[in-house]
Amino acid sequence: MTVSLTHEAALWDAGLAAVAGIDEVGRGALAGPVSVGVSVVTRCDAWPDGLTDSKLLSAARREALIAPLLEFGVARAVGHASSAEIDEVGIVAALRLAARRALDAIPVTIDAVLLDGTHDWLTPPPADLFADDAEDWAAPPVTMVVKGDRACASIAAASVLAKVERDALMAAAHAEHPEYGWESNKGYGAGAHLDALREHGPSPLHRVSWRLPFRA
């Protein structure tokens, strides 16, 4: 599967001028933030060479794509929600929080969203009139695209932007907590990371509400 602008063009043809591709990175990690990338495109017919799902690219190739991606589309941003926020509100609400932060940084009005996957985590659930923490925010109209990070150029762009930024955050965190090996595992549950959790217990950047290995 190669990326294209087919899904974006369908929305442009429907009169929706500014389409945002959105993808998340770090949802399954044990430590560090969850990050959401947004790449906004208006009608165009080209995208950076080699663009695809960030998971299919080497770190060097992702880094090389950043400069072209800064010229692709009309706006882009990455938002983050911390491990503490994930513990406080849960992963789905934290994804939405990270996305809102990214969308708030976008200087153009977004007419529609292409969201990777099958679950629309971006649109807030129906408000509960008796809840104190109902979300006072409305997402743009969302279209889900299965494997969108491999099919849609805008979603692939968002994927790469978010991956590079989150990886840099985890590499910096590695300097403070080198025992967990985040420079290589980026906070995911690699064997060495799990062994370090058993030996040292969780750091302040771990998602302690998750089922982490106990210290021996």
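The values are calculated or read from the model by the stated rules, or taken from the named source; none is laboratory data. Treat the numbers as computed from the prediction; the structure is a model and nothing was measured. Cβ: placed from backbone, ideal geometry, glycine included. Neighbour counts: every protein chain shown. Ligands, DNA and RNA are stripped out before the accessible areas are found, and what is left, the full protein with its side chains, is counted by its heavy atoms. Shrake-Rupley method; radii C 1.70, N 1.55, O 1.52, S 1.80 Å.
Assorted remarks:
- A residue that is free of Cβ contacts under 8 Å to residues at least 24 places away in the same chain, among the hydroxyl-bearing types (Ser, Thr, Tyr) and more than 16 Å from residue 19 (Cα to Cα) occurs nowhere in region 75-95.
- Within region 39-88, being assigned to a loop (DSSP other than H, G, I, E, B), small (Gly, Ala, Ser) and under 22 Å from residue 105 (Cβ atoms) holds for 73, 82.
- Of residues in region 1-16 being in a helix (DSSP H, G or I) and open to solvent by less than 30 Å² (accessible area, probe 1.4 Å), the one nearest to residue 156 (Cα to Cα): 8
One line per residue, one yes/no per condition, for (1) out of contact with any helix residue (DSSP H, G or I) (no Cβ under 8 Å at 6 or more places or on another chain); (2) modelled with pLDDT of 95 or more; (3) among the β-branched types (Val, Ile, Thr):
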position: 6; (1), (2), (3): no, yes, yes
position: 9; (1), (2), (3): yes, yes, no
position: 24; (1), (2), (3): no, yes, no
position: 27; (1), (2), (3): no, yes, no
position: 33; (1), (2), (3): no, yes, no
position: 37; (1), (2), (3): no, yes, no
position: 43; (1), (2), (3): no, yes, no
position: 63; (1), (2), (3): no, yes, no
position: 67; (1), (2), (3): yes, yes, no
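- Which listed residue, of 93, 98, is at pLDDT 95 or above, touching a His at 6+ places or on another chain (Cβ under 7 Å) and under 25 Å from residue 203 (Cα atoms): 98
- Contact map, region 17-40: residues that are surrounded by fewer than 24 Cβ atoms within 10 Å (Cβ to Cβ) paired with residues that are among the acidic types (Asp, Glu) and modelled with pLDDT of 95 or more, Cβ distance under 6 Å, separation 6+ or inter-chain. Pairs shown: 17/111; 18/111.
- Residue 109, sole failed condition from (1) in contact with a helix residue (DSSP H, G or I) (Cβ under 9 Å, 6 or more places away or on another chain); (2) among the polar types (S, T, N, Q); (3) at pLDDT 95 or above: (1)
- Tabulated pairs, region 172-192, first in contact (Cβ under 8 Å) with a residue 24 or more places away in the chain, second crowded, with 16+ Cβ neighbours inside 10 Å and acidic (Asp, Glu), C-beta under 8 angstrom, 6+ apart or interchain: 186/167
- Region 54-74: number of residues that are out of contact with any Phe, Trp or Tyr (no Cβ under 7 Å at 6 or more places or on another chain) and either closer than 16 Å to residue 20 by Cα or of a type in the set (Ser, Thr, Tyr) (or both): 7
- Selection count where residues are at positive phi and in contact with a strand residue (DSSP E or B) (Cβ under 9 Å, 6 or more places away or on another chain), scope region 1-56: 2
- For region 53-103, the candidate set comprises residues that are surrounded by fewer than 20 Cβ atoms within 10 Å (Cβ to Cβ) and among the hydroxyl-bearing types (Ser, Thr, Tyr); within that set, the residue that is nearest to the chain's Cα centre (by Cα) is 82.
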